[in-house]
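The values are calculated or read from the model by the stated rules, or taken from the named source; none is laboratory data. Just so you know, these numbers come straight off a predicted model, no measurement behind them. So basically every Cβ, Gly included, is an ideal-geometry build from the backbone, and we count neighbours across all protein chains shown.
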């Protein structure tokens, strides 16, 4: 079992127990709210909720965002095994994690993501799992960007045929013709700007809209008791 698949509490490097406090808040929100869509993952999803695009497109879908900026696969795994999927029955979970697993191989990162998928499926057998591809990172082409591409390829291969699991390619338009990424899309070449968020999450919104609409149709066709 590699570190990416071993549920792990995030180290309290700041000394204020912030990560655990956020986790406890998420667990409490599960008891109080009834989301249709849950976003779970790292900084890419965390920063999304502070954008205009989140407010205009995702808030009306009844979303909860359980994402923590620094999380690796093992941290998300721990959170999901310790209360963050209790008392909720979302129709869809959007999962983005792995870009922070700097020291792990592409194979290990993919294994970590798949372990999270298995955990979600175990706790919520009917939920639809949407996995946006890991985004490119760094202004110039670099090894971590290459690794994220490999993770995406491995996940695509292994998610084929999985019931209600779908990957979405979301990096269209981020890498320019000369191989660089613009600070207009990723202000620090890792996290997205407002403009970058719209580019990246439009395909996610389209898919969620499609899933939720189909879900409504199916419910309408189900005979009432």
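Note on the range 1-113: enclosed helices (runs of 4 or more DSSP H) holding 2 or more residues that are touching a strand residue (DSSP E or B) at 6+ places or on another chain (Cβ under 8 Å) and crowded, with 22+ Cβ neighbours inside 10 Å are 43-48, 73-80.
Reported count of residues in the range 185-201, each being free of Cβ contacts under 8 Å to residues at least 12 places away in the same chain and either crowded, with 18+ Cβ neighbours inside 10 Å or assigned to a helix (DSSP H, G or I) (or both), is 1. A single member of 132, 136 is closer than 20 Å to residue 46 by Cα and either under 14 Å from the mean Cα position of the chain (by Cα) or in contact (Cβ under 8 Å) with a residue 60 or more places away in the chain (or both), and it is 132.
A quick yes/no check of all residues on (1) at pLDDT 95 or above; (2) part of a loop (DSSP other than H, G, I, E, B); (3) farther than 30 Å from residue 85 by Cα:
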site: 125; (1), (2), (3): yes, yes, no
site: 139; (1), (2), (3): yes, yes, yes
site: 153; (1), (2), (3): yes, no, no
site: 166; (1), (2), (3): yes, no, no
site: 207; (1), (2), (3): yes, no, no
